[in-house]
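Reviewing the structure listed below.
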């Protein structure tokens, strides 16, 4: 559905069209001010036409293809992180990849006891789930104060609020963790430890959901192991 | 239903770049075994190096050096001072090295990089012990006036081998240096004559040093930093290589290949005699490249 | 710095509506400035992105002897332990080299420059696009040749665009000095030293919005109006040079 022949290179602030004709995607926004769709990034303008049966006949305009900044963890994203510290109620981890891409600078994540696995969450023993140095695959969670539903959608469209900074409507209050760290969850089969070294310094082999084994000493260590592949 | 081996599947689900970040040592050792580095260089080869003389007009001498993406700006400002009683016919040289927040994600404003004062000292020691600058040449009137030379080196982009790039930029700045003209004023004090702008009105004062506008650089120091890892020696490491393999060794030679200094600031690895000799051999090869970069910079300046 | 072609563009304004202005008394409109420019001539603007590889985005700006490098880092983890914020944070810092000014170590106070830069940029950045994280904008003035702040702001905007930070528009900034009855654009340090008044306008050229305007000193109503027109016209021309620079880098 791409219209590749019509690619034009744009910079932030260049007019892309009118909202009656275009829907803003990534790298574009609507200015309420003059009812115009502008580019917010440097890159190629690309149009994606909606499916034939869509209610909205407008194509979506995106700006992409130029150098982007490093990936940032977002709620709903799968990340790869290295465990740095394990405490009784939580573990800390440095987020190194968001999806398949590595971050430019690390972000700090927190895996809380209740987010380690889906069942019997009150019986989770943090020290039997992770060790410092383990590589884990985890989900960035976000939730409002009451329940654990993911509210945020990926690639949100930024509609401009009344400029300069008076936000017209607040997006729902959500928590991306505390002031700095992101809350991570491993409470799914495919999430958990994906690579760990044994006390002897060997890369261990997973032998069950809860155990990994050192190939040289045969010693078995407990972990919250991720199921790989499907 | 046991989970399968983590590693292989992990590397297939992420980009090479991510694997590199997660298992840096494994990633680099895999390359080293093939005698090549992640940026495609053979182990003993330094990155492309350039030197440009005359970068800032507010200084009396300046130069920008680039080794790969590591970039340094060195500039010299000269002021007239009264020489010390101990050395009445000598000037003085003050070297400082700065790592402003623009140069690296690791430096933040208000929290100076730990490395900066260490490198400042190392640069100062190297420049004075190399004998490049004869402090007696900085004398204007014995016991009365001499030059205070401020050499400030700014790291503009930090990607490893900072000392080598800093030293090269310093050599460039001294090469570019034009000593300002001074004259004796009515009070018998020596003052700078500002050039160009109002030259006409001040011409009555006789310049003290009109014929001496260049410093003679006696022996020019050039350096090469190497990283030692197991049996491998990597010349001119990038910041990534420096952060993964922590044993460094810096060799400074002068243009006639005489050893000026040899610095191995600790590190987990030990340097055997043979490794040290190998580093000196690499440094000798490197001196020729750096000398060439300097000569090119000089001839480029003469064209302009 | 090297690699400059002789065809470095400039962005001098052309004011058509003000031709009827009586000639200035003191020196006349053909007064030539220290660097050979006429009153309303801007210095050639040399701009280049990607000068610092270690940063997420960067730019180098050279307007005459005013030489500035800006690096942008992030969006990255906020360093200060602050409350969670669902919009991103912008952090700015400006510093000068010790040799940037004619007399060593006489660089201007940079705390207020940093905060002015922050305020100039803030309105143009879509802060909601990087919740919880911080974007750092660090500037180093290699050489101070006059109109430093507008050059820093312009260079910072280019570095932000280079870093792929979402912006409502690029930001351009131009200053003028009022000297007697004359308005001189893009003043040199020497000219700033004897100015009676100054004006800096920072705007988003394609949206025709001013993010910051600073006026100091003595101004008459008519010259304020003329100065604003000059700045806005130069801003819009500078914007075109910046867009060309971004497009050439791609």
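The values are calculated or read from the model by the stated rules, or taken from the named source; none is laboratory data. Predicted model, so just to flag it, every value in this text is computed and none were measured. Note that we place each Cβ from the backbone using ideal geometry, even for glycine, and neighbour counts take in every protein chain shown.
Does residue B:46 count as away from chain C (no Cβ under 12 Å) and closer than 27 Å to residue B:188 by Cα?
No; evaluated as a whole, the condition is false for this residue.
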Specify the residue that is farthest from residue C:85 (Cα to Cα); the eligible residues are those in the stretch A:179-215 that are part of a loop (DSSP other than H, G, I, E, B) and touching a helix residue (DSSP H, G or I) at 6+ places or on another chain (Cβ under 9 Å).
A:204
Being modelled with pLDDT of 95 or more, under 26 Å from residue B:76 (Cβ atoms) and more than 10 Å from every other protein chain (Cβ to nearest Cβ) is the requirement here; does residue C:151 meet it?
yes
Counted residues in the stretch C:194-225 being in a helix (DSSP H, G or I) and either surrounded by fewer than 18 Cβ atoms within 10 Å (Cβ to Cβ) or in contact with a helix residue (DSSP H, G or I) (Cβ under 8 Å, 6 or more places away or on another chain) (or both) come to 4
Taking residue B:268, is it assigned to a loop (DSSP other than H, G, I, E, B) and at pLDDT 95 or above?
no
Quick check on this structure: which one of B:188, B:196, B:200 is at pLDDT below 75, surrounded by fewer than 21 Cβ atoms within 10 Å (Cβ to Cβ) and outside any loop (DSSP other than H, G, I, E, B)?
B:200
Quick check: anything in the stretch A:140-152 surrounded by 15 or more Cβ atoms within 10 Å (Cβ to Cβ), outside any loop (DSSP other than H, G, I, E, B) and modelled with pLDDT under 95?
yes
Select, from C:135, C:103, the only residue that is surrounded by fewer than 23 Cβ atoms within 10 Å (Cβ to Cβ) and over 14 Å from the mean Cα position of the chain (by Cα).
C:103
Being surrounded by 14 or more Cβ atoms within 10 Å (Cβ to Cβ) and within 12 Å of residue B:221 (Cα to Cα), is that true of even one residue in the stretch B:264-276?
no
Where residues in the stretch C:78-114 are at the interface with another protein chain (Cβ under 7 Å from one of its Cβ atoms) and at pLDDT 90 or above, which of them is farthest from residue B:110 (Cα to Cα)?
C:101
Any hit, the stretch C:154-174, residues being more than 8 Å from chain A (Cβ to nearest Cβ) and more than 30 Å from residue A:29 (Cβ to Cβ)
no
Of the conditions (1) in contact with a strand residue (DSSP E or B) (Cβ under 7 Å, 6 or more places away or on another chain); (2) within 18 Å of residue C:67 (Cα to Cα); (3) in contact (Cβ under 8 Å) with a residue 24 or more places away in the chain, residue C:189 fails just one. Which one is it?
(1)
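Test residue B:290 against the stated conditions and say whether it is touching a helix residue (DSSP H, G or I) at 6+ places or on another chain (Cβ under 9 Å) and not in a strand (DSSP E or B). If you could, list the steps in order and put the result at the bottom.
On the way: touching a helix residue (DSSP H, G or I) at 6+ places or on another chain (Cβ under 9 Å): yes; not in a strand (DSSP E or B): yes.
Here the answer is yes, as residue B:290 does meet what is asked.
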Are there any pairs with C-beta distances below 8 angstrom linking a residue in the stretch C:121-138 that is touching a residue at least 40 places away in the same chain (Cβ under 8 Å) and away from chain B (no Cβ under 14 Å) to a residue that is in a helix (DSSP H, G or I) and surrounded by 24 or more Cβ atoms within 10 Å (Cβ to Cβ), with the two at least 6 apart or on different chains, and if so which?
C:121/C:153; C:121/C:156; C:121/C:157; C:121/C:160; C:124/C:157; C:125/C:160
Might you let me know whether the stretch A:176-183 holds any residue that is at the interface with another protein chain (Cβ under 9 Å from one of its Cβ atoms), modelled with pLDDT of 90 or more and on the phi > 0 side of the Ramachandran plot?
no
Looking only at the stretch C:65-77, count how many residues are within 9 Å of chain B (Cβ to nearest Cβ) and surrounded by 21 or more Cβ atoms within 10 Å (Cβ to Cβ).
7
Matching residues, the stretch C:44-55, being in contact with a helix residue (DSSP H, G or I) (Cβ under 8 Å, 6 or more places away or on another chain) and within 11 Å of chain B (Cβ to nearest Cβ)
C:50, C:52, C:54, C:55
Can you pull out every residue in the stretch B:96-111 that is more than 8 Å from chain C (Cβ to nearest Cβ) and at pLDDT 95 or above?
B:97, B:99
